[in-house]
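Single-structure report; data block below.
The values are calculated or read from the model by the stated rules, or taken from the named source; none is laboratory data. It should be emphasised that the depicted structure is a prediction, and the values quoted were computed from it without experimental measurement. As a convention, Cβ positions derive from the backbone with ideal geometry for all residues, glycine included, and neighbour counts pool all protein chains shown. Heads up: the accessible areas ignore ligands, DNA and RNA and are worked out on the full protein's heavy atoms, side chains in. Shrake-Rupley method; radii C 1.70, N 1.55, O 1.52, S 1.80 Å.
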Amino acid sequence: ATQENIRNFSIIAHIDHGKSTLADRIMEKTGLISDRQKKDQYLDRMELEQERGITIKAQSVRIPYKAKDGRDYILNLIDTPGHVDFSYEVSRSLAACDGALLVVDATQGVEAQTLANVYMALDNDLEVLPVLNKIDLPSAEPERVAEEIEEVIGIDCTDIVKVSAKSGLGVEELLERLVERVPPPKGDTEGPLKALIFDSWYDSYQGVVVLFRVLEGRVKNGQRVQMCATGKKFEVTKLGVFSPEPTDIKQLAAGEVGFLCAAIKELKDAQVGDTITDPDNPTNSPFPGFKTIKPMVFCGLYPVEPGEYDTLKSALEKLQLNDAALYYEPETSQALGFGFRCGFLGLLHMEVIQERLEREFQAKLIATAPSVIYRVTRIDGVTFDIDNPSNLPPQEKIQSIAEPFVRMEIHVPNDYVGNVLGLCEEKRGIQKDMRYMTSTRVVISYELPFSEIVYDFFDRLKSVTKGFASLDYEVIDYRVADLVKLDVLINSEPVDAMAVIVHRSNAAYRGRALALKLKRVIHRQLFEIIIQAAVGSKIIARERVSPMRKNVTAKCYGGDITRKRKLLEKQKEGKKRMKRMGSVEIPQEAFLAALQSD
Ligand code: GTP
């Protein structure tokens, strides 16, 4: 294919605005896939992983397209992950594109989570093509929403494309517009090889499969390549494109998108954002800004049944094969027994992994409160990092504790500015900048302790802005702060897995909130339970769970028999997730309680 006939693009959208449906319809209208049943195989990749030589990444595909002008084009649809935890990966997959379809639901309008991606697309100099979706619905308001896109994002919406991804209406026009508006790729096809990795995954037969875009030069099957980040060299054993089946190809030149296999055994040798080059004629300008993604948020994961330790271990091993950012190592807790300390990119990543462990591997877990990495300096001058609050040395041995800070940009409609500022101040933030994006949309910049974000920031931000904020953040540095360990004691026994590190000014408040929360979730038992929160030897909160009397349910829940049954079933379900601490049974919710602020 010549560069003139290639279009590299991705689809960006707020969740549920129809990104997957539109991708389906594009593949169908271009004849890439025909019947429904076949298509489903490509689209539900996580559930329906097919073992046939090579796993298919559904949404990054090469689509041949004959335009109305009679010319044959190659459309490369490049998938992007959709969340702030993966913002680095989103920016790399957008860097592989020349244009982006910005899908907005015409019944909803511009929503927060799209924005970070739109700005990333604009930062990458992409041609952003707005598309109104769901115009088949009676509640669609194409004019209003088009105006909003102009206003909020600042892109021209005169003759915006209107489609129904569901029925296929307007999709042909969209493809024509795409070919017309998205510029063809540039890049010297004869220069030294320079290819950007925008996705990679582990395949049980082929080893690591790498998706890349050639920026300069060409790559040939059988040649030796070198990864710029690690310097490691590999021989290309398979070169191809997904269309949507993997199809072998001899070479790919600047502007083209494809995959390669090269007996790469570990995902960390072919990470998103790295540049592939030719060791005999290396590029002198690898793609800028490659960074190894490091876990930022840690928590303990423990099997509910001690006998399931090995199952959990092998599940983590399997997940890690395909997720270079997932970290784990064995850990023991007095309260929870044998389990793992696990590290994640962010909170969503943590939730996704926990959910996959439970859904795909049927692992029943108890998770401890997430923690960031603290940098501790002892009075003897030794400095080290800890990712588990219970490993903090005793107070009198500590000279200082530093915590990670992030720089955060929050995009928000101006009505909510006051709320956002209030929240950031409460979270020990330092305001850096505030500017109007449009007359109604504001960008607020703050530096904030990362631990405050991990605590309850996202939920709070969502509630104070009615969901109309989007944010992006990166960790910038470590700063010394007055931090202390907050211990939880149950009947005078410290529960190691519940310890958290907090700012001293928050300790009393957090301690009381935590004790109260625990009181609510720890079921009454036949004896009295005393819950205490302490900093060092100082008790800062105390709650008491009174002993159970007979017939608790009858007394508490009155007459409604179905409701009573439901509650009992819930309790039974909850019972499965108990851990015995001495003689007290502690439910999973107790470990989560440390997370919640109410
Ligand atoms: P993923 O994030 O990749 O899952 O995609 P998405 O969340 O952007 O949206 P998805 O394609 O899953 O669509 C969300 C919902 O909107 C689904 O129930 C679709 O059937 C529905 N939908 C998508 N496009 C249209 C449309 O044009 N008309 C109508 N009526 N419904 C649509």
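What are the pairs with Cβ atoms under 6 angstrom where one residue, in the stretch 517-534, is within 17 Å of residue 495 (Cα to Cα) and the other, located anywhere, is at pLDDT below 80 and charged (D, E, K, R)? Sequence gap at least six, or different chains.
Once the first residue is within 17 Å of residue 495 (Cα to Cα) and sits in the stretch 517-534, its partners that are at pLDDT below 80 and charged (D, E, K, R) give 521/589.
Which of the residues spanning the stretch 130-180 are more than 10 Å from the ligand (Cβ to nearest atom), more than 30 Å from residue 414 (Cβ to Cβ), open to solvent by 10 Å² or more (accessible area, probe 1.4 Å) and touching a Leu at 6+ places or on another chain (Cβ under 7 Å)?
177
Would you be able to say whether some residue in the stretch 119-128 is more than 16 Å from the ligand (Cβ to nearest atom), open to solvent by less than 50 Å² (accessible area, probe 1.4 Å) and at pLDDT 95 or above?
The answer is yes; a qualifying residue exists.
Sort out which residues of the stretch 330-383 are polar (S, T, N, Q), farther than 23 Å from residue 503 by Cα and outside any strand (DSSP E or B), and write them in order of number.
334, 354, 362
Would you confirm whether or not the stretch 545-560 contains a residue that is at pLDDT below 85, outside any loop (DSSP other than H, G, I, E, B) and in contact with a Ser or Thr (Cβ under 6 Å, 6 or more places away or on another chain)?
no
I'd like the residue in the stretch 272-307 that is closer than 21 Å to residue 79 by Cβ and not charged (D, E, K, R) and, out of all such residues, is farthest from the chain's Cα centre (by Cα).
By that ranking, first place goes to 276.
Report, ordered by the first and then the second residue, all pairs with beta carbons closer than 6 Å, sequence separation of six or more or different chains, a first member in the stretch 318-346 that is under 21 Å from residue 360 (Cα atoms), and a second member that is among the basic types (Lys, Arg).
324/268; 329/341
Looking at residue 376 and the list (1) open to solvent by 20 Å² or more (accessible area, probe 1.4 Å); (2) modelled with pLDDT of 95 or more; (3) of a type outside the set (Phe, Trp, Tyr); (4) more than 23 Å from the chain's Cα centre (by Cα), which single condition is not satisfied?
Among (1) open to solvent by 20 Å² or more (accessible area, probe 1.4 Å); (2) modelled with pLDDT of 95 or more; (3) of a type outside the set (Phe, Trp, Tyr); (4) more than 23 Å from the chain's Cα centre (by Cα), residue 376 violates only (1).
Check 56, 74, 63, 78 and return the single one that is surrounded by 19 or more Cβ atoms within 10 Å (Cβ to Cβ), closer than 21 Å to residue 26 by Cα and modelled with pLDDT under 80. Full working, then the answer.
Numbers: 74 fails: modelled with pLDDT under 80; 63 fails: modelled with pLDDT under 80; 78 fails: modelled with pLDDT under 80.
The conditions single out 56.
When the stretch 390-420 is examined, which residues are found to be surrounded by 19 or more Cβ atoms within 10 Å (Cβ to Cβ), part of a helix (DSSP H, G or I) and not β-branched (Val, Ile, Thr)?
390, 416
Say whether the condition of being touching a strand residue (DSSP E or B) at 6+ places or on another chain (Cβ under 9 Å) and without any contact (Cβ under 8 Å) to a residue 12 or more places away in the chain is met by at least one residue in the stretch 267-281. Give the steps one after another, and end with the answer.
Initially, the stretch 267-281 is screened for residues touching a strand residue (DSSP E or B) at 6+ places or on another chain (Cβ under 9 Å), giving 267, 269-280.
Now drop any that are not without any contact (Cβ under 8 Å) to a residue 12 or more places away in the chain, which leaves none.
Looking for residues that are touching a strand residue (DSSP E or B) at 6+ places or on another chain (Cβ under 9 Å) and without any contact (Cβ under 8 Å) to a residue 12 or more places away in the chain, one finds none in the stretch 267-281, hence no.
Taking interchain pairs and intrachain pairs at least six residues apart, which have beta carbon atoms under 7 angstrom, with the first residue in the stretch 1-29 and within 8 Å of the ligand (Cβ to nearest atom) and the second aromatic (Phe, Trp, Tyr) and open to solvent by less than 50 Å² (accessible area, probe 1.4 Å)?
Between residues of the stretch 1-29 that are within 8 Å of the ligand (Cβ to nearest atom) and residues that are aromatic (Phe, Trp, Tyr) and open to solvent by less than 50 Å² (accessible area, probe 1.4 Å), there is no close pair.
For residues in the stretch 466-496 being among the aliphatic types (A, V, I, L, M) and within 25 Å of the chain's Cα centre (by Cα), which is modelled with the highest pLDDT?
Taking the stretch 466-496 and keeping what is among the aliphatic types (A, V, I, L, M), we get 469, 471, 475-476, 480-481, 483-484, 486, 488-490, 495.
Retained after the next criterion (residues that are within 25 Å of the chain's Cα centre (by Cα)): 469, 471, 475-476.
Values: 469: 83, 471: 79, 475: 86, 476: 91.
The qualifying residue modelled with the highest pLDDT is 476.
Does residue 353 satisfy the condition of being open to solvent by less than 10 Å² (accessible area, probe 1.4 Å) and farther than 30 Å from residue 537 by Cβ?
Spelling it out, residue 353 is indeed open to solvent by less than 10 Å² (accessible area, probe 1.4 Å) and farther than 30 Å from residue 537 by Cβ.
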